[in-house]
Amino acid sequence: MNRTTALKQSAANQGKPSNFLIFNQTNITYFTNFSGATALLIPEQGENVLYVSGVNYEQAKAEAKSVSVELLKRGENLMEKIAKQASAKKFSVDALPVESWRTLARAVGGEEKLEPASSLIRELRKTKTQEEIQLIREACKLADIGMKTAFETVQVGVKEKEVAAEIEYAMRKAGSDGTAFETIVASGVISAFPHGGNLEKTFGEGDFVVVDLGATYKFYRSDLTRTLMAGKPSEKQIKIYSTVQLAQQKALETIKPGVLASDVDMAARQVIEAAGFGEFFVHNLGHGVGLEVHEAPILSPDSKEVLDTGNVVTDEPGIYVPGLGGVRIEDTVLVTWDGAEKLTVAPYLLLDKTK
Ligand SMILES: [Mn+2]
C-alpha cells in the first residue's frame, strides 16, 4: 500500500476527513520524496497536487514522485488557489501557523471545514518500510565512519571544533548529504551540559569527551553518541561510564514489539538510579529517528507509546555531573519482529583507549 493510501485509510478509521492539506516540510517530503514545496494537496480521489514557487518549480517537476506540480506564481495567494482547486467539504490539515490557519479557513469557507490531523502522519511515519530502513542503515554507516574519525582525533591538546570538523568532513566524503543535526563535541566540565560544546576549548588531561553526531542519506537520518576520554580516566569516571554502558545495554535488551516505551526508559533509569546517579540522568532515554532526527515514538518515563516492528529509535542514557563532566552512550536501533537490532555499531572504547 502506498503512503497516501495508508494515510486516507487511517483518516477513515478515525473519522477524519480523507482530503489532506499538508504544509509541514518533512511531511511533504515523506509523501513526495521532494524537499522545497510549499504545500501538498492529497484529495480523497484523484491526483495529488504539489504547490511549488518558481525557485523550485523545475526541480519539483523533475524529482517529485506521484504528484502533479502546480506553479505558485509571484503574488498569488496559496490558500485561495488551494480553495479554488479543492472542492472537498472538509480537510485534514497537518500543521500551520495560526495566521495561515485563519487565512486558509477564510479561503475554504470556515474553520469548521478544517480538522487538525498531524497525529495521523506522525503515527504513519513511526513505522518504517523496508526502503526507509535501508536508507537509515546507510545514514548509520556514515555515522559510524564519523565516530571512527572521532576516535582517531580525540586526544589531549586537540580542540573540540577541530574534531567536529574532521567528523563532518569524513562523513561528507563518505557520502553523507549533510549532518543530521549540529555535531556535538563537548569535553571536560562542558560535557555535563547534554547539548554543550563545539568551542575553541582544547581537551585537557582527564576530560570526558561526549561526541554526538549523525549523518543524512537521501533525507533519512542517524543519531550516534559515544563518550571518549582524553588522557586517563579516574575511578569515578570509570564508574560513571560503566553505569551508562550497562544502562544502555539493559534498555537495548528490553526493546521488542509490544513493549511500552516507558518500560524501556525504566530499564535504563533503574540501573542509573541503583548506582546512585539518578538525579544526573536529566533527559529521556530516546526518540524515533527517520526523516527527522527527533520524531515519534518518544522513549520517556511518561510516554504512552508501545513499540512496534519497524520503529527506529535511539537508546541514549546519560549521566551529567555538574563540575565534573558527562557521559552519554547512544545507538540508533531498529525494532525487529522479535527484538532489536543496533544500526550503529561503533565500539564502546572509553577504557580501551587508556591501554
Ligand atoms: Mn539522540
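FYI, it's all coordinate maths here, none of it is from the lab. Because the structure is predicted, anything quoted here is derived from the model rather than measured. Don't worry about glycine lacking a Cβ; one is built from the backbone with ideal geometry, like all the others, and counts go over all protein chains shown.
Applying Stokes-Einstein at 37 °C and 0.692 mPa s to the Kirkwood radius of the stretch 1-109, computed over alpha-carbon pairs, gives a translational diffusion coefficient of 233 µm² s⁻¹. Take every pair of alpha-carbon atoms less than 8 Å apart whose residues are at least six positions apart; their mean separation over the length of the chain yields a relative contact order of 14 percent.
By the count of other C-beta atoms within 10 Å, a proxy for reagent exposure, Met266, Met229 are ordered fewest to most as Met266, Met229. For the chain, with a Gaussian network of springs between Cα atoms less than 10 Å apart, report the residue from Gln45, Gln245, Gln155 with the top mean-square fluctuation. Its mean-square fluctuation being the largest, the pick is Gln45. Value of Rg to Rh for the stretch 180-299, rounded to two decimals, is 0.99; Kirkwood radius and Rg both from alpha-carbon coordinates. Computed over the chain, the per-residue total of -39500 (n - 2.57) for DSSP H runs of n ≥ 4 gives a 222 nm mean residue ellipticity of -11500 deg cm²/dmol, rounded to 500. Averaging Cα coordinates gives a centre for the stretch 9-78 and one for the stretch 105-183; these two points are 22 Å apart. With one equal scatterer per alpha carbon and no solvent term, the Debye-computed log10 I(q)/I(0) for the chain at 0.08 1/Å reads -0.46. Placing a pseudo-label 7 Å from each Cα along the Cα-to-Cβ vector at Glu47 and Asn2 gives an inter-label distance of 1.2 nm.
First select every other residue whose beta carbon is under 15 angstrom from the beta carbon of Phe20; then total the charges, Lys and Arg +1, Asp and Glu -1. That works out to +3.
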